[in-house]
Ligand SMILES: *Cc1c(COP(=O)(O)O)cnc(C)c1O
């Protein structure tokens with residue numbers, strides 16, 4: 001018998017009909033006390049339907065749910081688990097840290113070591129630790145406004161930067177007009193100073209800076225978007241953004257919460273920034289740097305970071321910022337994340353992306369597979385290239401729903417939304433990859449039945 005807290009030790013090929021009684025029961029209980037039964041909306045499966053699986057344990061590339069079903073995990077906690085679940089070194093470091101207490105509200109050694117590791121790997125000169133990516137982008141924007149004395153911010157449609165009021169904005173009626181709130185609860189005043197542009201669109205960026213450049217505090221962009229599916233920057237696009245910002249005295253804020261320490265040792269900047277010669281003024285990090293715990297950061301130019309409290313007048317603080325357990329987990333993860341680890345994940349991602357494409361082609365499903373480093377995603381019902389959010393929005397989400405559930409039934413946990421990246425870890429070995437590859441043809445056929 002499989003106990004609820006048993007770790008996956010010897011994953012067996014799951015039976016095609018999966019039990020969900022226990023997950024369903026927990027979901028009902030959760031609904032009684034939590035809106036939608038979840039603590040982050042995408043987990044509720046609203047985009048794909050069906051019963052969200054309550055996970056009981058994870059080991060390496062595998063998840064086990066409360067009904068005892070096992071899955072190859074292709075979300076890796078939405079990015080953070082670069083080394084896979086329950087890596088023994090990360091686990092040992094965390095257990096060791098916890099025995100000494102969990103939080104002191106004072107400076108500690110691991111937070112300095114984690115900051116040193118971040119500064120050594122990336123173009124930032126100084127870094128401030130926070131607890132979530134949302135906090136990181138919110139603080140970076142405050143700092144950019146404080147530094148420039150300007151209020152306008154520019155973002156791209158389809159780029160997600162956490163649930164910061166001013167960034168939950170949708171394009172207004174025309175370019176260079178203020179954005180409108182993307183959700184109830186955000187006051188119009190919070191998005192009035194936000195301009196929303198189509199991604200990969202140089203002309204739109206040029207037009208907005210030509211008209212309002214002297215009022216723009218910063219442009220924030222995902223370094224390589226993964227929150228509208230994977231829509232990588234066209235070659236030179238980040239460099240163009242960086243130069244445009246510099247020309248107008250605005251700061252270039254590169255959001256590497258998803259890509260940082262995931263697509264390379266140095267994040268997306270390591271893939272195109274170093275070559276193209278651009279340098280962000282501010283960078284936000286999260287996900288991998290917390291090693292599965294809540295830790296995030298923003299950093300950048302020393303002169304800009306110098307304005308931050310207590311050195312400067314721009315206020316920012318956090319009770320659990322730099323938490324010793326979270327920073328220990330992040331540090332242990334980053335220390336394991338060598339060039340070989342990235343090379344292995346890159347290779348595995350290439351294999352899976354190709355296998356997915358091949359299965360869909362064989363089943364006659366129109367599709368686009370796009371990769372940004374080792375993150376990739378599949379857009380069903382489309383041809384050509386997905387350059388921006390408008391393109392991504394034309395995908396066939398009903399076909400994805402069928403594809404998702406066919407994979408889930410065969411023991412593969414894909415992102416429960418078509419607008420998300422697929423994530424691998426260093427623990428995705430040949431056996432895990434083969435399990436996914438074997439499941440793809442049936443899922444492609446399921447998608448073929450509904451694709452329009
Ligand atoms: C996940 C994410 C965030 C928000 O991070 P949270 O820790 O969920 O608040 C911000 N930016 C990007 C690019 C992300 O992928």
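The numbers here are math on the coordinates, done by the rules we state, and not lab data. As the structure is a prediction and not an experimental result, all values here were calculated from the model. No Cβ is skipped: glycine too gets one built from the backbone with ideal geometry, and neighbour counts run over all protein chains shown.
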Task: Taking 303, 255 and counting other C-beta atoms within 10 Å, the order from fewest to most - done: 303, 255
Open item on the list: Largest first, please: the extent of the C-alpha atoms of the stretch 72-214 along each principal axis, to the nearest Å.
Closed with: 55, 40, 31
- [ ] Of the DSSP beta bridges with both residues in the chain, give the percent that are antiparallel, rounding to the nearest 5.
- [x] 60 percent
TODO: Equivalent ellipsoid semi-axes for the stretch 88-336, as square roots of 5 times the alpha carbon gyration tensor eigenvalues: give them largest first, rounded to whole Å.
DONE: 31, 19, 16
Task: Fewest-first ranking of 126, 155, 449, using other Cβ atoms within 10 Å as the exposure measure - done: 449, 126, 155
- [ ] Mind sorting 327, 319 by how few other Cβ atoms lie within 10 Å of their own Cβ, fewest first?
- [x] 319, 327
TODO: Run the quick spin-label model on residue 89 and residue 361: label points 7 Å from Cα toward the beta carbon, then report their separation in nm to one decimal.
DONE: 3.8 nm
- [ ] May I ask for the angle, rounded to the nearest 10°, between helix 324-336 and the longest principal axis of the chain, with both axes built from Cα atoms and the value confined to 0 to 90°?
- [x] 80 degrees
TODO: Evaluate the distance, in nm, between pseudo-label points positioned 7 Å from the Cα of residue 19 and of residue 354 along their respective Cα→Cβ axes.
DONE: 4.0 nm
- [ ] Just check the stretch 283-382 against the gyration tensor rule for me: Cα atoms, a ≥ b ≥ c as the square roots of the eigenvalues, rounded for a/c under 1.5, and otherwise prolate or oblate depending on whether a/b exceeds b/c.
- [x] prolate
Task: Inter-part distance where the stretch 26-105 and the stretch 372-402 are each reduced to a Cα centre, Å - done: 26 Å
Open item on the list: Could you tell me the ratio Rg/Rh of the chain? Both radii from Cα atoms, Rh via Kirkwood.
Closed with: 0.96
Open item on the list: Need the full-extension length gain, residue 99 to residue 207, defined as separation in residues times 0.36 nm minus the C-alpha distance. One decimal, nm.
Closed with: 33.2 nm
Task: Theoretical ellipticity at 222 nm over the chain - DSSP helices of four or more residues, -39500 (n - 2.57) apiece, nearest 500 - done: -11000 deg cm²/dmol
Task: the stretch 221-358: radius of gyration over Cα atoms, expressed as a fraction of 2.2 N^0.38 Å - done: 1.16
Open item on the list: Over the stretch 353-452, what portion of Cα pair distances is larger than 20 Å, expressed as a whole percent?
Closed with: 30 percent
